[in-house]
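First up is the structure itself, then whatever we jot down about it.
The values are calculated or read from the model by the stated rules, or taken from the named source; none is laboratory data. The model shown is predicted, which means the values in this text are computed figures rather than measured ones. For neighbour counting, all protein chains shown are included, and Cβ atoms are generated from backbone atoms with ideal geometry for every residue, glycine included. In case anyone asks, the SASA skips ligands and DNA or RNA and just uses the protein heavy atoms, side chains included. Shrake-Rupley method; radii C 1.70, N 1.55, O 1.52, S 1.80 Å.
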Amino acid sequence: MIELIAHNLAPIMFAALIIFLISGYPVAFALAANGLFFFFIGVELAPLSGGEITLSWPLLQTSPGRLLGVMNNETLLAIPFFTFMGIVLEKSGMAEDLLDTVGQLFGPIRGGLAYAVILVGAVLAATTGVVAASVMAMGLISLPIMLRYGYDRSLATGVIAASGTLAQIIPPSLVLIVLADQLGRSVGDMYAGAIFPGLILTGIYCLYVFVITIIRPKAAPALPIEARTLGSGALSLLVVMVAGTAIAVAVSLSIGDSIENGAGIWGATIGAIAIYVLAVANKTMNLGWLSRLAQEVVITLIPPLALIFLVLGTIFLGIATPTEGGAMGAAGALAMALAKRRISWRSLREALDATTRLSCFVLFILIGARVFSLTFYGVNGHVWVEELMSTLPGGEWGFLVAVNILVFVLGCFIDFFEIAFIIIPLLAPVAANMGIDLIWFGVLLGVNMQTSFLTPPFGFALFYMRSVAPTGNWLDKVTGRTLAGVKTTEIYRGAVSFILLQVIMVAAVMLMPELVTHYRGEASEVDPNKIEITIPGGDGLEGGGLEELPALDLSPPTVE
């Protein structure tokens, strides 16, 4: 019996961890306690395992060095920078300005507010990378307006919650940083691979709203004329956008031959600056060249887009590492907040406190995961996982389907940080042995883990939505009407459709790897059989060839 336990200690240890997590014990301490407990058991059972268990007491002395290695991880240093950037932007009122302006832009069409929430959610995702900040900001600002003008409650709450989760897959996402670290890959490559899936998912959300407005027009009505405070002027905005695009194309073509890469990014930057200067001049000097709507849209959108360039553009151009990009983004967010005079010492202290809490949360989970992995690898747990996954029917496809089902189910109960630190290190070696591109694998799991924010019973985006949605009857000060509160069942019902859309996106990334693998560019194919090596000066040898070279005597010297 004891020999049987010794041979199966790895699955027993993993099952014990699941029991720990289900019991509600803090994850970091559950990992560490589970690892230490089974370390003691493994040392005692090592003589009975026939060499399968390699644990011994001196091995425990390596733990301090492993934990110090966690704290010296420069990649994870980007997490507090991006967290601080997102919280400062939330307090600066950027989300409020964006939602108000973009909502006015799309207001005349059915579902306009829903489109505005989705697009603003994508912009916030590319600037903040924090789900809580996006969902709560959009919920506080947009939900009362959507309820005021008759939006379906499930659609309104579902759009807001799902749009907030875009921060999980659109760079600079925190989950992509953690996945890149756990997979041993570049954060820049992970960001580049995730851009297309993030943008396509944003488009799928918009397409869903469009279908709803056709099938059920009353579920997402247009804004009434009296609510469109910025008036009309979409044609003026279209002209400005065309002009900015023309400038961007002209600049990128003119500098394309002089710089190695990034001509398009620099062109877009100069084009955006040009139309921003025009809009500011139009506002300050009352030139009348632009409509008020076009003017406000440009002035509101360009600063966050500039922040996106400061973070992602510098990373993709190779100017900064992700950690340095995060630092510049945090500084840029602070500068934006100061420029708008919407930051105080109190809000700055709150941002620092929240950043410290999240950073400590991640650090303690990672420390617990290191203690757990020390024991798990010592009992050959990685071998057990590899044999289990590699023997699944269907080969590579069977492995991918099983892994995605596992991650989806775990996402219903535990946080994405916990999944990344516990599960990914066990699956990465199996994926690498199967020849799976780890960047594609990471982005695929990142899209999957995005659903963890919407799946009951522990969907954090649903919790954030519940915390800002009115629970009881409330008085709308604009219309003077008393409106009913939002039920929890309506929030959960609204999330179901977007969960299905995210599952469709998971399948799309799985079936079309090129959505992610474009990050590698066009690799040149070289036939090793056609490689020729020419030695300079070879033609000048007597006889004109290398065959005339004297043979080298490589025999050892004779000692007399």
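Taking every Cα atom in the range 172-299, find the radius of gyration and the maximum pairwise distance Dmax, and write them in Å.
20.0, 55
Mean projection of the alpha-carbon convex hull of the range 346-412 over all orientations, in nm²?
6.6
Could you bin all the Cα-Cα distances of the range 408-453 into 10 Å bins starting at 0 and give me the percent of pairs in each, rounded to whole numbers?
In whole percents, the pair-distance histogram is 27, 55, 17, 0.
Would you check the accessible area of Val371, probe 1.4 Å, heavy atoms only, in square angstrom rounded to 10?
Taking all protein chains as shown, Val371 has close to 20 Å².
Within the accessible area of the range 230-388, what % is carbon and sulfur when the probe is 1.4 Å and the other protein chains stay in place?
Within the range 230-388, the accessible surface is 68 percent carbon and sulfur.
In 10 Å bins starting at zero, report the fraction of Cα pairs in the range 210-252 per bin as a rounded %.
The percentages, shortest bin first, are 23, 23, 31, 19, 4.
How big is the convex hull of the Cα atoms of the chain, per residue, in Å³?
In the chain, the Cα convex hull volume per residue is 251 Å³.
Near Ser134, within a Cβ-to-Cβ distance under 15 Å, what is the net charge of the other residues, with Lys and Arg +1 and Asp and Glu -1?
Once all neighbours under 15 Å are counted, the net charge is -2.
How fast does the range 358-509 diffuse by Stokes-Einstein, in µm²/s, taking the Kirkwood radius from C-alpha pairs at 4 °C and 1.567 mPa s?
Diffusion coefficient, whole number: 73 µm²/s.
Taking the C-alpha atoms of the range 283-368, how large are the radius of gyration and the largest Cα-Cα span, Dmax, in Å?
17.7, 61
Run a plain Debye calculation on the range 316-432 (Cα atoms as equal point scatterers, no solvent) and give log10 I(q)/I(0) at q = 0.11, 0.22, 0.23 Å⁻¹, rounded to two decimals, same order as the q list.
Log-scaled intensity ratios, in q order: -0.62, -1.22, -1.26.
On the protein heavy atoms, probe 1.4 angstrom, tell me the percent of accessible surface of the range 104-175 carried by carbon and sulfur.
Summing carbon and sulfur atoms, their accessible area is 69 percent of the total for the range 104-175.
Convert each backbone phi in the range 446-453 into a coupling constant with the Karplus relation 6.51 cos²θ - 1.76 cosθ + 1.60 (shift: θ = phi - 60°), then list the ³J(HN,Hα) values in order as whole Hz, x for Gly and Pro.
x, 4, 5, 5, 4, 5, 5, 7
R0 = 41 Å: FRET efficiency of Ala16 with Ile215, Cβ-based, nearest 0.05? Show your work: numbers first, answer last.
Working: r = 49 Å, r/R0 = 1.20.
For R0 = 41 Å, the calculated efficiency reads 0.25.
Ignoring ligands, DNA and RNA, what accessible area per residue does the range 295-433 give at 1.4 Å, in Å²?
43
Cross-link candidates for Lys487: which lysines have Cα within less than 22 Å, leaving aside residues fewer than 8 places away along the same chain?
In chain and number order, the partners are Lys218, Lys477.
P(r) for the range 84-161, please, calculated from all Cα pair distances in 10 Å bins and given in %.
Pair shares across the bins are 21, 56, 21, 2.
How big is the range 1-150 in terms of Cα radius of gyration and Dmax, in angstroms?
When restricted to the Cα atoms of the range 1-150, Rg and Dmax are 25.4, 76 Å.
How much accessible surface area, in Å² rounded to 10, belongs to the heavy atoms of Leu278 with a 1.4 Å probe?
60
Count neighbours as other Cβ atoms within 10 Å of each site's Cβ, and list the chymotrypsin sites (Phe, Trp or Tyr not before Pro) in the range 236-314 that are DSSP loop with at most 10 such neighbours.
Loop-located and lightly packed - none at all.
Once the convex hull of the alpha carbons of the range 427-484 is built, what does its volume come to per residue, in cubic angstrom?
109
If you take the alpha carbon radius of gyration of the range 428-526 and divide it by 2.2 N^0.38 Å, what ratio comes out, to two decimals?
The reported ratio for this selection is 1.64.
Mind jotting down the three principal axis lengths of the range 99-253 based on Cα atoms? Whole angstrom, largest first.
Cα extents, longest axis first: 54, 42, 26 Å.
Cβ under 11 Å from Val120's Cβ, Val120 left aside: what net charge do those residues give with Lys, Arg +1 and Asp, Glu -1?
-3
Please report the spacing between the Cα centers of the range 417-456 and the range 243-277 in Å, no decimals.
The range 417-456 and the range 243-277 have Cα centres separated by 36 Å.
What are the principal axis extents of the Cα atoms in the range 40-106, in Å, biggest first?
In descending order, the Cα extents are 72, 25, 16 Å.
Tell me, what does the Kirkwood hydrodynamic radius of the range 116-205 come to in angstroms if you use every pair of distinct C-alpha atoms?
13.5
Please label the shape of the range 389-467 as rounded, prolate or oblate, based on the square roots a ≥ b ≥ c of the eigenvalues of the alpha-carbon gyration tensor (a/c under 1.5 means rounded; beyond that, a/b larger than b/c means prolate, else oblate).
Verdict is prolate for the range 389-467.
With runs of 4+ DSSP H residues as the only contributors, calculate the mean residue ellipticity of the chain at 222 nm using -39,500 (n - 2.57) per run, divided by the residue total and rounded to the nearest 500.
Details: 24 runs with 368 residues, N = 560.
Here the helix-only value at 222 nm equals -21500 deg cm²/dmol.
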